[in-house]
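The structure under discussion appears below in the form of structure tokens.
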Amino acid sequence: MNDKKLETIRGSGNVYRDFGVKNADVEQFKALLAAEIVKTLDKEGLSVRKAHANTGIAAADFSRIRNADLSRFTADRLIAILNRLGSKVEISLKIRRDSTTKHAA
């Protein structure tokens, strides 16, 4: 039997940051917005074509969002899509300073 101990590492809550992705906070925000879009589509029983018909936003964009292909989207575009779907977005911002980052005086 292997006597090696497994170490549990707690994530930051942002998988993009944990994997060293550039602009991790923006990517996490976009993913959260996309998840809300998908939830809305599912709740309303909307296909991508029906969502297009209701909003004027391309069905291909809804397909990309469903497939988590968010590279073509900005956060403000995703918010605009949520608005077109009838949702209002409220953002609460909390800034935490990273204790490991050194700033020049």
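The values are calculated or read from the model by the stated rules, or taken from the named source; none is laboratory data. Since the model is a prediction, treat every value here as computed from it, not as a measurement. Calculation scope for accessible area: heavy atoms of the full protein, side chains included, ligands and nucleic acids excluded. Shrake-Rupley method; radii C 1.70, N 1.55, O 1.52, S 1.80 Å.
Each Cα pair under 8 Å and six or more residues apart adds its sequence gap; the mean of these over the residue count of the chain is a relative contact order of 22 percent.
Using a 1.4 angstrom probe on the protein heavy atoms only, could you order Phe73, Phe29, Phe19 from most to least accessible area? Mind showing how you got there, number by number?
Working: Phe73 10, Phe29 70, Phe19 170 Å².
The most accessible residue leads, giving Phe19, Phe29, Phe73.
Within the chain, what whole-number % of the accessible surface is contributed by carbon and sulfur, with the 1.4 Å probe and all protein chains included in the calculation? Numbers along the way, then the final one.
On the way: 4350 of 8670 Å².
Heavy-atom surface of the chain belonging to carbon and sulfur, 1.4 Å probe: 50 percent.
State in Å² the accessible area per residue of the chain; use a 1.4 Å probe, count heavy atoms of protein chains only, and round to the nearest integer. Don't skip to the end; give the middle numbers.
Values: 8670 Å² over 105 residues.
On a per-residue basis, the chain sits at 83 Å².
Here's the list of aspartates and glutamates a cross-link from Lys43 could span, going by alpha-carbon distance under 19 Å and ignoring same-chain residues fewer than 8 apart: Asp61. For Glu27, the accessible area of its heavy atoms, probed at 1.4 Å with every protein chain present, is near 50 square angstrom. The sum of -39500 (n - 2.57) across all DSSP H runs of n ≥ 4, divided by the residue count of the chain, sets its helix-only mean residue ellipticity at 222 nm to -14500 deg cm²/dmol. The reciprocal of the average 1/r between distinct C-alpha atoms defines the Kirkwood hydrodynamic radius, which for the chain equals 16.3 Å.
Taking a threshold of 23 Å on the Cα-Cα distance, which of the pairs Lys22/Lys50; Lys30/Lys88; Lys22/Lys88 fall above it? Checking Cα-Cα distances, Lys22/Lys50; Lys22/Lys88 exceed 23 Å.
Heavy-atom accessible area with a 1.4 Å probe sorts Glu90, Glu44, largest first, into Glu90, Glu44.
Taking all protein chains together and a 1.4 Å probe, the residues Arg84, Arg97, Arg66 rank Arg97, Arg84, Arg66 from largest to smallest accessible area.
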